[in-house]
1. List the relative contact order of chain A as a percent without decimals, with contacts defined as Cα pairs under 8 Å and 6+ residues apart.
2. For chain A, what does the helix formula give at 222 nm: sum of -39500 (n - 2.57) over DSSP H segments with n ≥ 4, over the residue count, nearest 500 deg cm²/dmol?
3. For A:Lys296 and A:Gln173, FRET efficiency with R0 = 30 Å and r from the beta-carbon atoms, rounded to 0.05?
4. Taking the Cα centre as origin and putting +1 on Lys and Arg beta-carbons and -1 on Asp and Glu beta-carbons, what dipole magnitude results for the protein assembly as shown, to the nearest 20 debye?
5. Have a look at A:Ala148, A:Ile288, A:Val245 and report the one farthest towards the positive end of the charge dipole of chain A, computed about the Cα centre with Cβ charges (Lys/Arg +1, Asp/Glu -1).
6. Once you place label points 7 Å from the Cα toward the Cβ at B:Phe178 and B:Ala227, how far apart are they in nm?
7. Roughly how many whole Å is it from the C-alpha centroid of segment B:106-134 to that of segment A:162-202?
8. Expressed as a whole number of Å, what is the distance separating the alpha-carbon centroids of segment A:207-247 and segment B:213-264?
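No value in this document is a laboratory result; all are computed from the given coordinates. The shown structure was predicted, so the numbers you read here are calculated from the model rather than taken from an experiment. Quick reminder, even Gly has a Cβ in these numbers, built from the backbone with ideal geometry, and neighbours come from all protein chains shown.
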Amino acid sequence: MKSVIAEDLVKTYRKGSVKALDGLSLDVTEGTVLSVLGPNGAGKTTTVRILATLLAPDSGRATVAGIDVIKNPEKVREVIGLSGQYAAVDETLTGWDNLVMFGQLYHLGKTKSVARANELLEKFSLTDSARRPIKTYSGGMRRRLDLAASLIVRPKVLFLDEPTTGLDPRGRQEMWGVIEELVKDGVTLLLTTQYLEEADQLADEIVVIDYGKVIARGTSDALKKQVGGERLEVIVEQSQISAVVEIVQRVSGASASIDEGLRKITAPVSSGSTALVEVLRAMDTSGIHPLDIALKRPSLDDVFMSLTGHAAEDQVVEVAKKARGGRP
Amino acid sequence: MNGITDALIITKRQLLQLARVPEVLIFSTIQPIMFVLLFRFVFGGSISTGAPGGYVQLLMPGIFVQTVAFTLAATASGLAEDMKKGLIDRFRSLPIARSALVFGRTLGDSTLNIVVLFAMGLTGFIVGWRPSSGILKISLSFVLLLFFGYALSWVGIYAGLSARDARVVQNVSFLITFPLTFLSNAFAPTTGMPKPLQYVAEWNPVSTMVAACRELFGLKNQFGVTANSFPSSHPVTMSLIYMVIIMVIFVPLSVRKYSTTANR
């Protein structure tokens, strides 16, 4: 069953001159994690905002947990949790204050709100800092609290918009741990990210979007396959290069490329580990010992490059612009 | 009535903020008290009024009105801050009435006014303010002041939601409130102003409010060119009319703006 369905979403800004979404469609199967992967400005946040009823699309249809997002936004808000790019909690209040307040706004009543707040603080290892103002929290703690706030009513569908953007590596690891826990509990999750590693780690399925459109979808493995199969890479001493090229080409059946500077020989292989063993055996027979040998699968970076024609890191300039001029 | 409960939870949040960061309350009370002392002792000696009881009698209504007028700025910057932090998105994704947040905030800012007005009244009393009209009329004037602050806080909501940057909000709202409060009868009689300016100053809602309070505190109002016009002879009624006009325009405008405004 599909928990989230979006069909042909179009959203333009500034009287049509900026197209944020250009006929975007996606769906999320109940109990799975879909990662929406794309650079800044690709339309990730706009997609989440439409699905979370914060923004109305110009055209297109969307349902969340079977409820129409445009016709019945109030009903949708009862079954979703949203955690945005910026920890959206009241910084002057304590973590406990915030969770109790949001619990009451979900109409849990005071007693239940307090119980749920304590439960969530415990779950996200925030009990020790529960009575401190959020201002004193680290970036990772803020995000965890923000996530806790979006889980108060045990949402049927959870939207996480770039949950680890701006966190240091440790904060990111902690956040991933927390999200993986949620996934184990069976939450349906739509997660946007610009980190290929993050999508790889957390998602059951990935949609890659660029310029407001889905340009590819599939599992991480399928996407990698789409870009091309495995490659065999061997690094050897300068004097042995020609001998090894001969071996590699014989096993691969295709011509190998040679990086003289790195003394690296690369060739596509179809049979994966069998090819690896074969090459090793042949080299051993000839008395050649490689400095390094590896079977490489394309990374999601490669996927992005081949799909969009530009690297996912292209957007650094845009991020800097955003930091200077506020949000677009 | 979930809508009302939701709004009250938002109001409670603001009061909780004051409890967590008491400095905010302390400083927002100290500033008007400073104004009272400043005008009473520094400028007061040079402003001749001829009023019985001295300048402080005329001054207090003026400062009360000025202080509640600044609610506009407080509401606007508070809301702009929430927008900047992304908090508005969270509220908008909750299953609560869209109007709950803005109603809650206007109520919260008015609650703060109660504390501030009380502190100012006490200070005024210490430095010689003695309203002579009796408890009922005095209470009535404070109710009027609170409503005036409440009405202006809706303008603040609109300003806060419209501004593109939180830092601009503070400046813009002072740009609105400063001329409004000084181009009035709040601190000095309008009779000394150039004639064309007297029209502006005496029709100014701040002036009718100040005149209304003076009347309710048992003072005689002095007007220049507009002395016989409706606002000058019926300041209480005129002030109420102004408040109704402000609310009728800005409540629906702000609520609509809130439901459509995206986070910046």
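1. 19 percent
2. Helices in chain A give a 222 nm mean residue ellipticity of -11500 deg cm²/dmol.
3. Efficiency at R0 = 30 Å is approximately 0.75.
4. Details: 61 positive and 53 negative charges, 540 e Å.
Dipole of the protein assembly as shown, to the nearest 20 debye: 2600 debye.
5. Among A:Ala148, A:Ile288, A:Val245, the one farthest towards the positive end of the dipole of chain A is A:Ala148.
6. In this crude spin-label approximation the distance works out to 3.3 nm.
7. 52 Å
8. About 71 Å separates the Cα centre of segment B:213-264 from the one of segment A:207-247.
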